[in-house]
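Working notes for the structure below.
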Amino acid sequence: MNYYSLHHKAPKASFKEAVINGLASDKGLYFPESITPLPAGFFKNIEYFSNEEIAFEVIKQFVGDEIPEKKLKEIITETINFDFPVVPITENISTLELFHGPTMAFKDVGARFMARCLGEFNKENREQTILVATSGDTGGAVANGFLNVKGVDVVILYPDGKVSDIQEKQLTTLDQNISALKIDGVFDDCQDMVKKAFLDTDIKRTLTSANSINIARWLPQMFYFFFAYKQMKNKQKELVFSVPSGNFGNICAGIMAQKLGLPIKHFVAATNANNTVLNYLKDGVYIPKPSKATISNAMDVGNPSNFIRIQELFDNNINKLKNSFSSFSYSDVETKKAMKEVYTESNYVLDPHGAVGYLGAKEYLKENPNTQCIFLETAHPVKFLDVVEETLNIEVNIPRQIKSVIHKEKVFQKVRNYEELKAYLNSQ
Ligand SMILES: *Cc1c(COP(=O)(O)O)cnc(C)c1O
């Protein structure tokens, strides 16, 4: 399969090239040249397929023959070796729990798949360094995905005092081929340092990005929409997905699943106060804004990078987009209120991101009561322990994945500025 740049000024790339490059040379995102729907029989009999078989059917046209079938199946098996349950919340609202992976956020699926693809393409064992800036979830998922992948080192930059204690533990206790750098600054400073390093010809290592726009992180996110359908097929109602969105990669993968023939009636992009897309749907003009800090901080994005792919999927036609896609935005006060409501009425503990997704589902149902809404629970509540415990006045049980890191000693190096980062990268 070939991929073209959405800026249309770069050569086409194979799957392998697109995964290695991340971004095309004209800075455009890669997009698959064709999307062929899966046969009707596949959907009819989906409940007889294992998750691994479903994932293979879904991804194979996008990989083509660039990874041998047997190897691709192995990669899939390792990527999705945990549960993706749909749990009912109310009569018409269910949640798809995407937090049963090693770092307890949905990003595990994309990060693990990408890590294994790069490992496969790196067979000559050329030493590569994945350099990644994180505001919390991404770093942990990427680092965990690449743990022990041969020929690849991971260096994570995270802002001092700006990630939760549990997130910091997840970043700093992996050892092996993973190093953590604690940056004196905020997330944007980490991001700027990473960008600078990629352009710096004095750095002797081969640097690679594990950014969320990489097709190998984006495309496997289609899998869980199919897993949800497999579980909900017998409901006999049209399905709607409400996706708590930041960079809009997850929801964009859902729309790809729909293009492959998955019967989804509508998508709701549920956001926090960062409502650039909502305003676009209202006014028809896309105005990126600086991000605003909220309690659902993994979605604090003022200029969602994947929205351009969504527009492409709807032929850059806003009316087509509006037919299948809505966006709603919620404040922190509303988010906390939803967390309380769901805890009191359904005895279910939501994290702030899931709560935004729940609100989106509820709002859509007001106008469309005859549908079945599934919102994505993108992280386990333990990852946002302070907000969850304070809002619900409860103690959250610590799951096994977190227990295994919580008593380990954090190992990191402090870095104050770009020169120190450069010295670090060249000294290893
Ligand atoms: C990354 C993230 C999101 C946003 O996903 P996008 O694909 O960027 O829209 C939502 N919730 C959590 C917990 C995340 O880590």
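The values are calculated or read from the model by the stated rules, or taken from the named source; none is laboratory data. As the structure is a computational prediction, the values presented were derived from the model and not from experiment. Every residue, glycine among them, receives a Cβ derived from its backbone with ideal geometry; neighbour counts consider all protein chains shown. Accessible surface is based on the protein model in full, side chains and every heavy atom, while ligands, DNA and RNA are left aside. Shrake-Rupley method; radii C 1.70, N 1.55, O 1.52, S 1.80 Å.
The mean sequence separation of alpha-carbon pairs under 8 Å and at least six residues apart, normalised by the residue count of the range 329-428, gives a relative contact order of 22 percent. Charge tally for residue 80 (other residues, Cβ to Cβ under 10 Å; Lys, Arg +1; Asp, Glu -1): -3. Ordered from largest to smallest accessible area (heavy atoms of protein chains, 1.4 Å probe), the residues 366, 237 come out as 366, 237.
Where Rh is the Kirkwood radius over the Cα pairs of the chain, the temperature 10 °C and the viscosity 1.306 mPa s, what D in µm²/s does Stokes-Einstein return?
Working: Rh = 21.9 Å.
Answer, rounded: 73 µm²/s.
The charge dipole of the chain, taken about the Cα centre with unit charges on the Cβ atoms of Lys, Arg (+1) and Asp, Glu (-1), comes to about 660 debye, rounded to the nearest 20. Projected label points at residue 202 and residue 289, each 7 Å from Cα along the beta carbon direction, are separated by 4.0 nanometres.
For the ranges 359-365, 183-189, what's the packing order if you count other beta-carbon atoms within 10 Å of each residue, average per peptide, and put the highest first?
On the way: 359-365: 23.6, 183-189: 17.4.
So the order, starting with the most tightly packed, is 359-365, 183-189.
Compute the projected area of the convex hull of the Cα atoms of the range 240-282, averaged over all viewing directions, and report it in nm² to one decimal place. Please list the in-between numbers first.
Values: hull surface 12.3 nm².
In nm², the orientation-averaged hull projection of the range 240-282 is 3.1.
Each of 146, 167, 156 was placed along the dipole of the range 116-176 (beta-carbon charges, centred on the mean Cα), and the one lying farthest toward the positive end is 146.
What fraction, in whole percent, of alpha-carbon pairs in the range 286-407 exceed 17 Å separation? Let's see the in-between values first.
Working: 4813 of 7381 pairs.
So the pairs more than 17 Å apart make up 65 percent of the total in the range 286-407.
Using a 1.4 angstrom probe on heavy atoms only, work out the carbon and sulfur share of the accessible area of the chain in %. Write down the numbers at each step before the final one.
On the way: 8660 of 18200 Å².
Answer for the chain is 48 percent, counting heavy atoms of protein chains only.
A 1.4 Å probe, protein heavy atoms only, puts the accessible area of residue 114 near 0 Å².
So if each residue of separation counts as 0.36 nm, and I subtract the Cα-Cα distance between residue 69 and residue 195, what length gain in nm does that give? That works out to 41.9 nm of additional length.
Counted over the range 74-220 with a bin width of 5 Å, the fraction of Cα pairs per bin, in whole percents, is 2, 10, 18, 21, 20, 14, 8, 4, 2, 1, 0, 0. Annotation: residue 4 carries an accessible surface of approximately 50 Å², with a 1.4 Å probe and no ligand, DNA or RNA atoms counted.
On average, how much accessible surface per residue is there in the chain, in Å², for a 1.4 Å probe, leaving out ligands, DNA and RNA?
Numbers: 18200 Å² over 428 residues.
Per-residue value: 43 Å².
What is the distance in Å between the Cα centres of the range 45-85 and the range 341-406? First find each Cα centre; the distance between them is then 28 Å. Ranking 273, 250, 234 by Cα position along the charge dipole of the range 211-284, where only Lys, Arg, Asp and Glu carry charges on their C-beta atoms, puts 234 farthest toward the positive end. Overall, the range 1-129 carries a charge dipole of about 460 debye about its Cα centre when +1 sits on the Cβ of Lys and Arg and -1 on the Cβ of Asp and Glu, all other atoms neutral.
Beyond 17 Å, what percent of the Cα pairs of the range 122-178 remain? Write down the numbers at each step before the final one.
Working: 525 of 1596 pairs.
Here the tail beyond 17 Å accounts for 33 percent of pairs.
Across the range 208-277, the mean sequence separation of Cα contacts (distance under 8 Å, 6 or more residues apart), normalised by length, yields a relative contact order of 37 percent.
Let me check against my output: what whole-number percent is the relative contact order of the chain, with C-alpha pairs under 8 Å and at least 6 apart? Mind showing how you got there, number by number?
On the way: 815 pairs, mean separation 78.4, N = 428.
Once divided by the residue count of the chain, the mean separation gives 18 percent.
FRET efficiency for the pair residue 320 and residue 236, taken as 1/(1 + (r/R0)^6) with r the Cβ-Cβ distance and R0 = 25 Å, rounds to 0.40.
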